[in-house]
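Participant: I have a structure here, written as structure tokens, and I will follow up with some questions on it.
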Amino acid sequence: MDLSVRLSVVEGGCKSIETLLKLFFYWDAWLNACVAVERGMSVYKGVSFDKEKSKRFARWIIFILPIMIVGTVIHESIHRKMFKHEVKQRKWYSENYNIDEDIEIGTYTWCITSYSQWLQGYNTAVLFIHLLGPFVANLLSALFIIIGTARRRAEAQRQHSYKEHLREQWNEYKQLVISPIILVFLSTPRLIISLLSGCADVSSHTWLYICGYFVSFTPSILIFVVFVLPSNSYRKTFNESFFRICKQRR
């Protein structure tokens, strides 16, 4: 491959890969938050909840959400650039006259971002919004579902106290509270790395930085572990469906 073509490909990846990763990561988080809000609205409206209207809103949200996310992270692609770093080693030619020369032993190309102070503040705000926004939406929706359902059942079934209904709803929907906490915990390493300013020598801890960066993407591929396993009802439904499919194939 021609050198200019190879550099163009590398530069294109530098400007696009990180932005695309953030787009899909944030999109997944906000879609989960929208599902949680819809779940809370269904509990609030009860039998008057309009499913057809909810489907129409969902179509618009799926279309509009990525456009809004791209608008918040597009500045990263604009301010990313390639930086060549030459590694040199000093070589001594004469011990008597102290003649030395720097010899280039390697050249590395880095993808870096350079922000102004204002843009750095904006970037930090965007990171926290995309991290805490879905977390707050999921958490508040889960608490609303648990408390709202317990209150309605306490009014309809007076033979049990409100605390008993609340405990019962917590046991049934506790995964809705646990899952957002797990998601925000797994996203913390990526947030910390994104907030680091300046350059750092990571050559001696390369795998540590790589693992810390990519561990934040695990929620997107561990939906089953995060949402299904903590729930008794979801896990029971999964087991029943799994065994039913196995019996049908036999």
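FYI, it's all coordinate maths here, none of it is from the lab. Bear in mind the structure is a predicted one, so any value in this text is a computation, not a measurement. Note that we place each Cβ from the backbone using ideal geometry, even for glycine, and neighbour counts take in every protein chain shown.
Participant: Assuming R0 = 35 Å, what is the FRET efficiency of residue 214 and residue 171, from their Cβ-Cβ distance, to the nearest 0.05? Don't jump to the answer; show the numbers that get you there.
Facilitator: Working: r = 34 Å, r/R0 = 0.97.
About 0.55, to the nearest 0.05.
Participant: So what's the net charge close to residue 26: Lys and Arg +1, Asp and Glu -1, counting the other residues with Cβ under 13 Å from its Cβ? Display every interim value, and only then the final one.
Facilitator: Details: positive: 22, 190; negative: 18, 28, 76.
Local charge sum for residue 26: -1.
Participant: Taking the highest mean first, how do the peptides 51-64, 140-153, 68-81 order by number of other beta carbon atoms within 10 angstrom per residue? If you can, show how the numbers build up before the last one.
Facilitator: Values: 51-64: 10.8, 140-153: 18.0, 68-81: 15.4.
Descending mean neighbour count gives 140-153, 68-81, 51-64.
Participant: Quick one: Karplus J couplings for the stretch 159-168, per residue in order, coefficients 6.51, -1.76, 1.60, θ = phi - 60°, nearest Hz, x for Gly and Pro?
Facilitator: 6, 10, 6, 5, 5, 5, 5, 5, 5, 5
Participant: Per 0.36 nm of contour for each residue apart, how much would the distance between residue 20 and residue 59 grow if the chain were fully extended, relative to their Cα-Cα spacing? Don't skip to the answer; put the middle values down first.
Facilitator: Details: separation 39, 0.36 × 39 = 14.04 nm, distance 2.14 nm.
Taking residue 20 through residue 59 to full extension adds about 11.9 nm, to one decimal.
Participant: Calculate one ³J(HN,Hα) per residue across the stretch 29-39 by plugging θ = phi - 60° into the Karplus curve 6.51 cos²θ - 1.76 cosθ + 1.60, and present them in order as whole Hz with x for glycine and proline.
Facilitator: Listing the rounded values in order: 5, 6, 5, 4, 5, 5, 4, 5, 5, 4, 4 Hz.
Participant: Could I ask something else about it? Which distance in nm do the two modelled labels at residue 74 and residue 128 give, with both placed 7 Å along the Cα-to-Cβ direction?
Facilitator: For the pair residue 74/residue 128, the computed spacing is 2.5 nm.
Participant: Longer than 27 Å from Cα to Cα, which of 22/81; 53/247; 55/247; 15/55; 45/174; 22/51 are they? Say none if no pair is.
Facilitator: On the way: 22/81 18 Å; 53/247 38 Å; 55/247 34 Å; 15/55 35 Å; 45/174 21 Å; 22/51 31 Å.
From 22/81; 53/247; 55/247; 15/55; 45/174; 22/51, over 27 Å: 53/247; 55/247; 15/55; 22/51.
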